[in-house]
1. Identify all residues within region A:11-27 that are among the aliphatic types (A, V, I, L, M) and either farther than 19 Å from B:E41 by Cβ or surrounded by fewer than 19 Cβ atoms within 10 Å (Cβ to Cβ) (or both); write none if there are none.
2. A:G87 passes all but one of (1) modelled with pLDDT of 90 or more; (2) on the phi < 0 side of the Ramachandran plot; (3) more than 15 Å from the chain's Cα centre (by Cα); which number fails?
3. What is the residue count in region B:16-27 for residues that are within 7 Å of chain A (Cβ to nearest Cβ) and in contact with a Phe, Trp or Tyr (Cβ under 9 Å, 6 or more places away or on another chain)?
4. Can you find a residue that is aliphatic (A, V, I, L, M) and under 30 Å from B:E14 (Cβ atoms) anywhere in region A:23-31?
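The values are calculated or read from the model by the stated rules, or taken from the named source; none is laboratory data. Model, not experiment: these values are computed from the prediction. Cβ atoms come from the backbone with ideal geometry, glycine included; neighbour counts cover every protein chain shown.
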Amino acid sequence: VNRDITPQGALQTAESARAAAAARAMPAWFPAVTAALFAACLTGVGSAQLIGMHQVAAKVTGLAGTACGIAFGLMYVLLVVRWKRSGVIPLPPSCAQPRNGLRDLWIFAGILAASAVAWAATGYPGWATIVFGIAEGVHHWRRILPRLFDPASPATPAGRDAR
Amino acid sequence: VTSAGPDGRPGLSEAFATTPRLKVSAFLAGCAEADFATIAEICELTPATLSKAATTLENAGYLRIRKGHIGRRPRTWLSLTKAGRSAFEGHLAALSHLTQQGQSAAGRP
(Lines give C-alpha, C1' and ligand atoms only; values in the text may rest on other atoms or scores of the structure.)
Protein backbone atom coordinates (compact mmCIF):
# COMPACT_ATOMS: atom_id res chain seq x y z
CA VAL A 1 0.00 0.00 0.00
CA ASN A 2 1.24 3.51 -0.71
CA ARG A 3 2.85 5.00 2.33
CA ASP A 4 1.25 8.41 2.03
CA ILE A 5 -2.28 7.69 0.68
CA THR A 6 -5.10 5.18 1.11
CA PRO A 7 -5.66 2.39 -1.49
CA GLN A 8 -8.76 4.22 -2.74
CA GLY A 9 -6.85 7.50 -3.01
CA ALA A 10 -4.02 5.74 -4.85
CA LEU A 11 -6.50 4.22 -7.30
CA GLN A 12 -8.08 7.62 -7.98
CA THR A 13 -4.67 9.26 -8.43
CA ALA A 14 -3.63 6.50 -10.85
CA GLU A 15 -6.88 6.70 -12.81
CA SER A 16 -6.70 10.47 -13.30
CA ALA A 17 -3.00 10.35 -14.31
CA ARG A 18 -3.66 7.53 -16.79
CA ALA A 19 -6.70 9.36 -18.23
CA ALA A 20 -4.64 12.57 -18.60
CA ALA A 21 -2.10 10.69 -20.75
CA ALA A 22 -4.68 8.80 -22.83
CA ALA A 23 -6.75 11.94 -23.45
CA ARG A 24 -4.01 13.40 -25.65
CA ALA A 25 -4.36 10.77 -28.37
CA MET A 26 -6.01 12.83 -31.12
CA PRO A 27 -8.48 15.66 -31.75
CA ALA A 28 -12.20 14.72 -31.78
CA TRP A 29 -12.58 15.44 -35.51
CA PHE A 30 -9.64 13.24 -36.58
CA PRO A 31 -11.39 9.82 -36.88
CA ALA A 32 -14.27 11.17 -38.99
CA VAL A 33 -12.07 13.26 -41.30
CA THR A 34 -9.49 10.51 -41.93
CA ALA A 35 -12.26 7.92 -42.48
CA ALA A 36 -13.96 10.23 -45.00
CA LEU A 37 -10.66 10.89 -46.80
CA PHE A 38 -9.86 7.16 -47.01
CA ALA A 39 -13.34 6.33 -48.36
CA ALA A 40 -13.20 9.28 -50.80
CA CYS A 41 -9.75 8.22 -52.03
CA LEU A 42 -10.75 4.68 -52.98
CA THR A 43 -14.20 5.74 -54.22
CA GLY A 44 -12.51 8.24 -56.56
CA VAL A 45 -9.99 5.71 -57.83
CA GLY A 46 -12.68 3.00 -58.15
CA SER A 47 -15.01 5.38 -60.02
CA ALA A 48 -12.19 6.27 -62.43
CA GLN A 49 -11.73 2.56 -63.16
CA LEU A 50 -15.47 2.17 -63.80
CA ILE A 51 -15.78 5.24 -66.04
CA GLY A 52 -12.77 4.26 -68.13
CA MET A 53 -9.31 5.72 -67.72
CA HIS A 54 -9.32 7.67 -71.00
CA GLN A 55 -12.41 9.77 -70.19
CA VAL A 56 -12.01 13.28 -68.73
CA ALA A 57 -14.44 12.47 -65.87
CA ALA A 58 -12.29 9.48 -64.96
CA LYS A 59 -9.19 11.67 -64.81
CA VAL A 60 -11.03 14.16 -62.56
CA THR A 61 -12.34 11.51 -60.12
CA GLY A 62 -9.02 9.67 -60.19
CA LEU A 63 -7.07 12.83 -59.39
CA ALA A 64 -9.58 13.82 -56.67
CA GLY A 65 -9.26 10.34 -55.16
CA THR A 66 -5.46 10.53 -55.27
CA ALA A 67 -5.56 13.97 -53.63
CA CYS A 68 -7.75 12.53 -50.83
CA GLY A 69 -5.24 9.67 -50.40
CA ILE A 70 -2.35 12.12 -50.10
CA ALA A 71 -4.37 14.21 -47.62
CA PHE A 72 -5.08 11.03 -45.60
CA GLY A 73 -1.36 10.23 -45.35
CA LEU A 74 -0.52 13.84 -44.57
CA MET A 75 -3.06 13.88 -41.70
CA TYR A 76 -1.23 10.98 -40.05
CA VAL A 77 2.16 12.65 -40.55
CA LEU A 78 0.78 15.82 -38.91
CA LEU A 79 -0.71 13.73 -36.08
CA VAL A 80 2.70 12.18 -35.34
CA VAL A 81 4.32 15.65 -35.40
CA ARG A 82 1.61 16.85 -32.99
CA TRP A 83 2.26 13.90 -30.66
CA LYS A 84 6.00 14.60 -30.59
CA ARG A 85 5.50 18.30 -29.97
CA SER A 86 2.93 17.69 -27.19
CA GLY A 87 5.34 15.24 -25.53
CA VAL A 88 2.95 12.29 -25.30
CA ILE A 89 2.95 9.37 -27.78
CA PRO A 90 -0.33 7.46 -27.28
CA LEU A 91 -0.74 3.70 -27.23
CA PRO A 92 -1.85 2.17 -30.53
CA PRO A 93 -5.59 1.23 -30.49
CA SER A 94 -4.76 -2.50 -30.34
CA CYS A 95 -2.73 -1.95 -27.14
CA ALA A 96 -5.27 0.43 -25.57
CA GLN A 97 -8.05 -2.10 -26.23
CA PRO A 98 -6.28 -5.46 -26.73
CA ARG A 99 -9.51 -7.44 -26.78
CA ASN A 100 -10.52 -5.64 -29.99
CA GLY A 101 -7.37 -6.66 -31.91
CA LEU A 102 -8.65 -10.05 -33.09
CA ARG A 103 -12.12 -8.64 -33.80
CA ASP A 104 -10.56 -5.94 -36.03
CA LEU A 105 -8.66 -8.60 -37.94
CA TRP A 106 -11.87 -10.55 -38.60
CA ILE A 107 -13.68 -7.38 -39.72
CA PHE A 108 -10.83 -6.57 -42.11
CA ALA A 109 -11.00 -10.12 -43.53
CA GLY A 110 -14.78 -9.68 -43.95
CA ILE A 111 -14.25 -6.39 -45.81
CA LEU A 112 -11.73 -8.05 -48.15
CA ALA A 113 -14.21 -10.88 -48.79
CA ALA A 114 -17.03 -8.39 -49.49
CA SER A 115 -14.78 -6.56 -51.98
CA ALA A 116 -13.95 -9.84 -53.72
CA VAL A 117 -17.67 -10.67 -53.92
CA ALA A 118 -18.38 -7.23 -55.42
CA TRP A 119 -15.68 -7.82 -58.04
CA ALA A 120 -16.95 -11.33 -58.84
CA ALA A 121 -20.60 -10.23 -59.00
CA THR A 122 -20.06 -7.19 -61.25
CA GLY A 123 -16.95 -8.21 -63.13
CA TYR A 124 -15.44 -4.75 -62.51
CA PRO A 125 -12.48 -4.27 -60.09
CA GLY A 126 -13.66 -0.65 -59.65
CA TRP A 127 -16.63 -1.84 -57.56
CA ALA A 128 -14.29 -3.89 -55.35
CA THR A 129 -12.18 -0.74 -54.78
CA ILE A 130 -15.27 1.34 -53.91
CA VAL A 131 -16.72 -1.30 -51.55
CA PHE A 132 -13.33 -1.71 -49.85
CA GLY A 133 -12.84 2.07 -49.52
CA ILE A 134 -16.24 2.77 -47.97
CA ALA A 135 -16.30 -0.29 -45.69
CA GLU A 136 -12.70 0.13 -44.51
CA GLY A 137 -13.32 3.88 -44.02
CA VAL A 138 -16.26 3.14 -41.71
CA HIS A 139 -14.21 0.45 -39.91
CA HIS A 140 -11.27 2.85 -39.49
CA TRP A 141 -13.61 5.45 -38.00
CA ARG A 142 -15.18 2.92 -35.61
CA ARG A 143 -11.78 1.49 -34.62
CA ILE A 144 -10.29 4.76 -33.40
CA LEU A 145 -13.53 6.45 -32.25
CA PRO A 146 -14.01 4.44 -29.00
CA ARG A 147 -10.74 5.88 -27.69
CA LEU A 148 -12.49 9.24 -27.56
CA PHE A 149 -16.04 8.40 -26.54
CA ASP A 150 -16.17 4.99 -24.83
CA PRO A 151 -16.25 5.55 -21.04
CA ALA A 152 -14.53 2.17 -20.55
CA SER A 153 -11.66 3.28 -22.77
CA PRO A 154 -8.55 4.82 -21.15
CA ALA A 155 -9.28 8.10 -22.95
CA THR A 156 -11.94 10.40 -21.61
CA PRO A 157 -14.08 12.87 -23.57
CA ALA A 158 -13.12 15.67 -21.19
CA GLY A 159 -9.57 15.80 -22.42
CA ARG A 160 -9.97 14.56 -25.96
CA ASP A 161 -8.96 17.81 -27.57
CA ALA A 162 -6.19 18.66 -25.14
CA ARG A 163 -3.31 20.37 -26.94
CA VAL B 1 9.80 -5.83 -4.27
CA THR B 2 6.53 -7.27 -5.56
CA SER B 3 4.17 -9.46 -3.53
CA ALA B 4 1.96 -11.98 -5.29
CA GLY B 5 -1.73 -11.14 -5.53
CA PRO B 6 -4.62 -13.39 -4.44
CA ASP B 7 -4.71 -15.10 -7.86
CA GLY B 8 -0.94 -15.64 -8.05
CA ARG B 9 -0.34 -12.68 -10.39
CA PRO B 10 1.95 -9.78 -9.37
CA GLY B 11 0.33 -7.80 -6.55
CA LEU B 12 1.39 -4.75 -4.56
CA SER B 13 4.80 -3.48 -5.58
CA GLU B 14 7.19 -1.41 -3.49
CA ALA B 15 8.21 0.39 -6.69
CA PHE B 16 4.83 2.17 -6.83
CA ALA B 17 4.67 2.86 -3.09
CA THR B 18 5.01 6.64 -3.25
CA THR B 19 2.65 9.13 -4.91
CA PRO B 20 5.22 10.48 -7.41
CA ARG B 21 6.14 6.97 -8.60
CA LEU B 22 2.47 5.99 -8.75
CA LYS B 23 1.60 9.11 -10.78
CA VAL B 24 4.48 8.64 -13.23
CA SER B 25 3.67 4.95 -13.73
CA ALA B 26 -0.06 5.64 -14.18
CA PHE B 27 0.63 8.41 -16.69
CA LEU B 28 3.02 6.17 -18.66
CA ALA B 29 0.51 3.29 -18.50
CA GLY B 30 -1.92 5.52 -20.43
CA CYS B 31 0.50 6.18 -23.30
CA ALA B 32 3.33 4.54 -25.23
CA GLU B 33 5.98 7.14 -24.35
CA ALA B 34 6.07 10.61 -22.82
CA ASP B 35 8.49 13.50 -22.52
CA PHE B 36 10.05 14.24 -19.12
CA ALA B 37 8.91 17.89 -19.02
CA THR B 38 5.34 17.01 -20.05
CA ILE B 39 5.06 14.36 -17.35
CA ALA B 40 6.39 16.79 -14.74
CA GLU B 41 3.88 19.43 -15.82
CA ILE B 42 0.79 17.21 -16.01
CA CYS B 43 1.58 15.12 -12.93
CA GLU B 44 2.47 18.31 -11.02
CA LEU B 45 5.91 17.06 -9.99
CA THR B 46 9.13 19.02 -9.72
CA PRO B 47 11.92 17.90 -12.09
CA ALA B 48 13.95 16.68 -9.09
CA THR B 49 11.06 14.57 -7.76
CA LEU B 50 10.31 13.14 -11.19
CA SER B 51 13.99 12.38 -11.76
CA LYS B 52 14.22 10.52 -8.45
CA ALA B 53 11.01 8.56 -9.17
CA ALA B 54 12.21 7.70 -12.69
CA THR B 55 15.58 6.47 -11.43
CA THR B 56 13.93 4.21 -8.85
CA LEU B 57 11.55 2.77 -11.45
CA GLU B 58 14.40 2.33 -13.94
CA ASN B 59 16.48 0.47 -11.35
CA ALA B 60 13.51 -1.82 -10.72
CA GLY B 61 13.41 -2.60 -14.45
CA TYR B 62 9.99 -0.97 -14.85
CA LEU B 63 10.97 2.15 -16.79
CA ARG B 64 13.00 2.89 -19.91
CA ILE B 65 14.71 6.26 -20.46
CA ARG B 66 15.55 7.39 -23.99
CA LYS B 67 17.31 10.58 -25.07
CA GLY B 68 16.10 12.25 -28.26
CA HIS B 69 15.72 15.57 -30.07
CA ILE B 70 12.80 17.59 -31.46
CA GLY B 71 14.57 19.97 -33.83
CA ARG B 72 17.50 21.29 -31.80
CA ARG B 73 15.80 20.80 -28.45
CA PRO B 74 16.97 17.75 -26.50
CA ARG B 75 14.18 15.69 -25.01
CA THR B 76 14.13 12.83 -22.53
CA TRP B 77 11.44 10.23 -23.26
CA LEU B 78 10.16 7.86 -20.59
CA SER B 79 8.17 4.67 -21.14
CA LEU B 80 7.11 1.68 -19.08
CA THR B 81 8.78 -1.64 -19.88
CA LYS B 82 6.65 -4.75 -20.45
CA ALA B 83 7.51 -5.86 -16.91
CA GLY B 84 6.60 -2.39 -15.65
CA ARG B 85 3.16 -2.48 -17.31
CA SER B 86 2.48 -5.94 -15.93
CA ALA B 87 3.64 -4.99 -12.41
CA PHE B 88 1.61 -1.76 -12.50
CA GLU B 89 -1.58 -3.57 -13.59
CA GLY B 90 -0.98 -6.07 -10.77
CA HIS B 91 -0.47 -3.22 -8.32
CA LEU B 92 -3.75 -1.57 -9.39
CA ALA B 93 -5.60 -4.90 -9.14
CA ALA B 94 -4.23 -5.39 -5.62
CA LEU B 95 -5.23 -1.84 -4.64
CA SER B 96 -8.70 -2.44 -6.02
CA HIS B 97 -8.93 -5.70 -4.05
CA LEU B 98 -7.86 -3.91 -0.85
CA THR B 99 -10.42 -1.15 -1.44
CA GLN B 100 -13.20 -3.69 -1.92
CA GLN B 101 -12.13 -5.53 1.23
CA GLY B 102 -12.15 -2.27 3.17
CA GLN B 103 -15.58 -1.34 1.87
CA SER B 104 -17.09 -4.74 2.71
CA ALA B 105 -15.49 -4.63 6.20
CA ALA B 106 -16.96 -1.16 6.78
CA GLY B 107 -20.40 -2.39 5.69
CA ARG B 108 -20.43 -5.25 8.23
CA PRO B 109 -22.65 -4.79 11.34
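1. Initially, region A:11-27 is screened for residues among the aliphatic types (A, V, I, L, M), giving A:11, A:14, A:17, A:19-23, A:25-26.
Of everything in region A:11-27, those that are among the aliphatic types (A, V, I, L, M) and either farther than 19 Å from B:E41 by Cβ or surrounded by fewer than 19 Cβ atoms within 10 Å (Cβ to Cβ) (or both) turn out to be A:L11, A:A19, A:M26.
2. Failing condition for A:G87: (2).
3. Within region B:16-27, residues that are within 7 Å of chain A (Cβ to nearest Cβ) and in contact with a Phe, Trp or Tyr (Cβ under 9 Å, 6 or more places away or on another chain) number 2.
4. Checked region A:23-31: at least one residue is aliphatic (A, V, I, L, M) and under 30 Å from B:E14 (Cβ atoms).
Residue-by-condition table, conditions (1) within 13 Å of the chain's Cα centre (by Cα); (2) at pLDDT below 90; (3) closer than 19 Å to A:A20 by Cβ:
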{"site": "A:A71", "(1), (2), (3)": "no, no, no"}
{"site": "A:R99", "(1), (2), (3)": "no, yes, no"}
{"site": "A:L105", "(1), (2), (3)": "no, yes, no"}
{"site": "A:I134", "(1), (2), (3)": "yes, no, no"}
{"site": "A:G137", "(1), (2), (3)": "yes, no, no"}
{"site": "A:D150", "(1), (2), (3)": "no, yes, yes"}
{"site": "A:S153", "(1), (2), (3)": "no, yes, yes"}
{"site": "A:P157", "(1), (2), (3)": "no, yes, yes"}
{"site": "A:R163", "(1), (2), (3)": "no, yes, yes"}
